[in-house]
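Below is one structure, written out as structure tokens; comments come after it.
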Amino acid sequence: MLADKPGPQVERVGRTSAVEGPGETLALRGAWERNIPECVACHGPSGVGVGDAFPPLAGQSAQYLASQLTAWRQGTRKNDPNDLMGHIARSLTDDEVKAVSAYFAGLTDQGAAR
Ligand code: HEC
């Protein structure tokens, strides 16, 4: 069961929270005009991860997150089901990759960085 798995202790940021800046906007709202769903729709509230299929984003290093997104953009990471993340990563701009990576990296067990 998911509840039995130790996960990062992250302050929950609700999807109805006010959003500030491009990273948080992508994370909680997405950019539907470009077919980008909000990251928390799949990665769980505050990006803590859901089961085995959706890895946690919260608390991972910004550098790691950005390098994974870049790998999808460049086609060097392509093992994801239905190209879900590939499509999303390719739809992001360089600045958005940086912003959203920094946003999730800043969500730690110290509480949401704001
Ligand atoms: C439609 C569902 C979905 C949405 C929305 C989504 N992701 Fe993902 N994401 C996935 C899946 C599934 C994986 C695991 C892919 C794999 O195993 O290769 C993943 C993996 C990742 C990874 C790699 C994590 C790791 O530990 O290697 C990153 C980084 C990531 N997503 C970032 C994002 C960001 C940023 C957003 C919002 C812009 C986002 N995702 C939105 C489904 C989604």
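None of the figures in this text is laboratory data; all of them are computed from the coordinates on show. Please read all numbers here as calculations on a predicted model, not as lab measurements. Glycine gets a Cβ as well: all are built from the backbone with ideal geometry, and neighbour counts include every protein chain shown.
Residues Glu33, Glu20, Glu38, ranked from the fewest to the most other C-beta atoms within 10 Å, line up as Glu33, Glu20, Glu38. Each of Leu84, Ser61, Tyr103 was placed along the dipole of the range 10-109 (beta-carbon charges, centred on the mean Cα), and the one lying farthest toward the positive end is Leu84. Looking only at Ala41, Ala62, Ala53, which one moves most when the chain is put into a Gaussian network model with springs between Cα atoms under 10 Å? Among Ala41, Ala62, Ala53, the largest mean-square fluctuation in the Gaussian network model of the chain belongs to Ala53. Dipole magnitude for the range 4-114: computed about the Cα centre from +1 point charges on Lys and Arg Cβ and -1 point charges on Asp and Glu Cβ, it is near 140 debye. Using the Stokes-Einstein relation with a Kirkwood hydrodynamic radius computed over Cα pairs, the translational diffusion coefficient of the chain at 10 °C and a viscosity of 1.306 mPa s comes to 113 µm²/s.
Within the chain, the whole DSSP H helices whose Cα atoms reach 15 Å or more along their own axis and whose mean Kyte-Doolittle score is at least -1.0 are 62-74, 94-105.
For the chain, averaging the sequence separation of C-alpha pairs within contact (under 8 Å, six or more residues apart) and dividing by the residue count gives a relative contact order of 34 percent.
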